[in-house]
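Read the structure below first, then the notes.
Rule-based calculations on the coordinates, nothing more; no lab input. All of these numbers come straight from a predicted model, not from anything done at the bench. Note that each Cβ is placed from the backbone with ideal geometry, even for glycine, and that neighbours are counted across all protein chains shown.
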Amino acid sequence: MFREQKREWLRVGLSAAILAAAVVFSENSWIGFMISYLIVGYPVLIKALRGIVRFEILDESFLMTIASIGAFAIGEYPEGVAVMLFYTVGELFQEAANDRTRDAVAKLMDIRPDTATLEDGRTVPAETVAVGSAIVVRPGERVPLDGAVIGGISALDQSALTGESLPRGVAIGDQALSGSVNLDAVLTLRVERAYSDSTVARILKLVESSGERKAKVEGFLARFARVYTPIVIILAVLVAGVPVLIGQPFAPWLQRALIFLVVSCPCALVVSVPMGFFGGIGGASRAGILIKGANFMEVLAKAEVFAFDKTGTLTEGRFRVAEVVAGAMPPAELLKTAALAEQFSSHPVARSIVEAQPVSPEGVTNVRELPGRGVRAAVGGKDVLAGSRQMLLDEGIAAPGLDGTAVYVAVDGIYAGAVILRDAPKSGAREALAALKALGVKKTVMLSGDARSTAERVAKDVGVDECLAELMPGDKVVSVERLLAGHPGRVAFVGDGINDAPVLARADVGIAMGGLGADAAIEAADVVLMRDDLSKLAAAVRVSRRTLSIVKQNIVLSIGLKVLMMGLGALGIVGMWGAVFADVGVTILAVLNSMRALNGERF
């Protein structure tokens, strides 16, 4: 992409240099001007010719072609080349502000292991493993293929797939999805799906197909040209033809019609519209908001629905002790006992308990980690169990069912209580959603892979309008497509994980949390909040709307002066250079106005 843009700018520079030389050294020769014209204008000419062949002439390429050829026809060679140079430079600015090609598939390959370890110890390419084969997944490794556990007990981190922050315990008979990370102990799996049909492969396909189905916002210049071009052509024909019908000589009016066409070339518009968006994008970047294209800024300014991922987007993405439920032991003593038993475990839940209650290892012996269940340890000579409710029930210890993620504690066979952990909402999340509502956003929705009870609690805490839980990446895409059906062109999605990449690519505008977000999510997104700050959402909407306001001011200024000069040119009051001078003047004014957008929210 960079190499291609560099080549385009070199082509423009070469054309401008030849034009300057032609003006200085061979003003009366058309050859230098023609060479300059063809160097810069051949892509536009080819596009215009293709449009004529397909009977699709109502675009800016056709308008630029007839305007520049008209200038050559009346001997205004420098103006003919300048018309094409202005247009090409404007297009290059537009490309610079537009969405860069994102290779989300390549980023997602990071979660799909290329190899698998067979039961006999051989490491082979994952795509060669047949369904029914037995593979071994060691602690710390990613599961390469979907399969059923036939040996071992462990916990799997599935956050890359579902967004669920709590590791999932698995034992014999349970399913293990490719892309999950094995946390605790060696697992043996019976492969149930081929490499091409694995969960991670399906996510890759979702990203590709979602990107292809995503509606492309037509640029303003293309929409404008569909109306402006036929009007200009018709008026030019009338300028040349009507006077002849009432007895006027044909040659002078033909020249005026050609001048009219040249004057009609919207150079100021071609430069000022992309420049306005370019300034807005620059202003947003100063505020830590990367908007990858002018079309996404247009959508963001009009967005009516904001859908959010939960874990890592609306929440911190890590567990914290939220409550201590006492049983046979006081809360403070219960938390300390749980921390003493859990301090040697690397499980995320255990780490959270120890962070809440730092302890020393004195007096703790015979620590045994029971993969997927919890830990058993001797604490001060007492037998302590800390883990899942099922672990206590298996030991014959009655324990009440509690809502949410809980670590149940038993001491010497007696239920002592439980420590409840929750993924806390991000600081300012509720205020960020309220700010969007204040800007006129009609609906906020949370899409989560978490359990329904957990997701609904977070939804209530942050104040979203609707909560959809227990969703896989494909389910999130389907949910966003339903929103798109009701609000076409006006749906934004905010996420941060690899599992969010397909839906980020599918939404009208995908917004990624850049600070901690997965590379694949950032690549698939159209807007990136570089500081992981939800308050920047409202700022992004405000900057987009103000940028659109500046662009509209430029449009009114450019078109207003253009119409005036076209009228004066048709009447013979203003010549070619007067029109060009006015056009350059309004271009400078529009560019200066566009620079206000660089100040982001401060203008």
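Before moving on, here are some points about what is shown:
- Once both labels are positioned 7 Å from their Cα atoms along Cα-to-Cβ, the gap between Asp465 and Lys442 label points is 0.7 nm.
- Evaluating 6.51 cos²θ - 1.76 cosθ + 1.60 at θ = phi - 60° for every residue in segment 330-338, the Karplus couplings come out as x, x, 5, 5, 4, 4, 5, 5, 4 Hz, glycine and proline recorded as x.
- Rounded FRET efficiency, nearest 0.05, which uses the C-beta distance separating Trp30 from Phe250 and R0 of 22 Å: 0.40
- Amide N of segment 400-422 lying under 17 Å from the label point, which is placed 7 angstrom from the Cα of Leu393 along Cα→Cβ: 400-410, 415-418
- Taking Cβ atoms as reference points and 10 Å as the exclusive limit, the residues near Val359 contribute a net charge of -1, counting Lys and Arg as +1 and Asp and Glu as -1.
- Student exercise, segment 317-424 dipole from Lys, Arg, Asp, Glu Cβ charges, in Debye to nearest 20: 180
- Residue order for Asp197, Asp403, Asp309, fewest other beta carbons within 10 angstrom first, comes to Asp403, Asp197, Asp309.
- Gain in span if fully extended, Arg318 to Glu8, counting 0.36 nm per residue against the direct Cα distance: 106.9 nm
- For Arg318, nonlocal amide neighbours, meaning residues 5 or more places apart or on other chains whose placed amide H falls under 5 Å from its own, are Ala424.
- FRET E, pair Ser285, Ile150, Förster distance 51 Å, beta-carbon r, rounded to 0.05: 0.50
- The relative contact order of segment 113-197 comes to 38 percent, based on Cα pairs under 8 Å that sit 6 or more residues apart.
- Listed pairs Lys336/Lys426; Lys443/Lys552; Lys47/Lys562; Lys302/Lys443 exceeding 22 Å between Cα atoms: Lys336/Lys426; Lys443/Lys552; Lys47/Lys562
- Distant-in-sequence amide H partners of Gly327 (H built 1.01 Å from N, under 5 Å): Gly417, Ala418
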